[in-house]
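Encoded as structure tokens, the structure appears first; notes follow it.
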Amino acid sequence: MDAFHLCLALGPVAVYLLLLGMLNLSRRSFLVAGVRDAAALGLALSGLVIVGPLALWFPHSTAAHMGRFGVELVWLFMLSLYGLCLVLVLLVLRPRLVIYNISADQLRPILADLVEKLDPEARWAGDSLVLPDLGVQVQLESLAWMRNVSLVSAGPNQNLGGWRRLENELALALRQVEVPRNPRAVSLLSVGTMIAGWLIWQVAKDPQSVARVLFDILSECWQMVGLGK
């Protein structure tokens, strides 16, 4: 595999690992909605999908019958299909909040104090929480080895407005809390840095081939835009 395709496949993964490492290295927790968290993961894996399944299943015969820009048009269609599939997954996801760099034991008292203010009728049952006034039913799911917690909707009947209020209030509460740095951040940063450094080394060995591929792609796109006018 040439340097350009290596960068395309592993570049987003390296960026994703570096971002996760920096989040876990902070002394503050970071809250993100489940949709944005899943979208970030989908973008991080997009390069691997392009050089893997999409390249493997590329319909060369179809592209050959579509004329001069057949390859580019088929790639545009396949990338659009991947994007639509990702959007579909995001739309059907249950409401979820992900809190990075905090353990379940640290989050529980913060959440308990918060729900008393948001909903006096709130009830706990183990790791489940029901807020009837907000129309929210939550299940706490912890990933202990990465020290993050997810608040996942429990049941189909959920009030999205209540979830947004819970997200905003919990984000404000977490800003006041200082947590120890996550030791896992060093591993994430190390792996991300090694991947990024290896990609830079691959490009440095043959920068002309990478520049040539980029120039060819941009030229084809420019010609397609020019013919479409």
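Under 13 Å from the 7 Å Cα→Cβ point of Asn157, by amide nitrogen: which residues of the stretch 104-135? In the stretch 104-135, the label zone of Asn157 (backbone N under 13 Å from the point 7 Å along Cα→Cβ) covers 131-135. Over the C-alpha atoms of the stretch 122-224, the Rg to Rh ratio, Rh being the Kirkwood estimate, stands at 1.25.
Its alpha carbons considered, the chain gives a radius of gyration followed by a Dmax of 22.6, 66 Å.
For the peptides 157-170, 197-210, 99-112, the ranking by mean Cβ contacts within 10 Å, running from highest to lowest, is 99-112, 157-170, 197-210.
Given their separation in residues at 0.36 nm each and the Cα-Cα distance between them, Trp57 and Ser187 gain 43.4 nm when the chain is fully extended.
Legend: calculated FRET efficiency, Ile217 to Ala40, from the Cβ-Cβ distance at R0 = 30 Å, rounded to 0.05, equals 0.75. Ratio of Rg to Rh for the stretch 139-178: 1.03 [Cα atoms; Kirkwood radius as inverse mean 1/r over pairs].
Here is what passes the span test in the chain: the DSSP H helices with alpha carbon length of 18 Å or more along the helix axis and a Kyte-Doolittle mean of 0.5 or above are 3-25, 70-92, 184-205, 207-228.
Charging the Cβ of each Asp and Glu at -1 and of each Lys and Arg at +1, and nothing else, the dipole of the chain about its Cα centre rounds to 280 debye. In the stretch 75-152, the alpha-carbon atoms span a convex hull of 118 Å³ per residue. About the centre of its Cα atoms, the stretch 99-176 shows a dipole size close to 200 debye [charges on the beta carbon of Lys, Arg (+1) and Asp, Glu (-1) only; nearest 20 debye].
Quick note: the coordinates plus some simple rules give every number you see, no bench work behind them. Nothing here was measured: the structure is a model prediction, and the numbers come from that model. With ideal geometry, Cβ positions are generated from the backbone for all residues, glycine too; neighbour counts draw on all protein chains shown.
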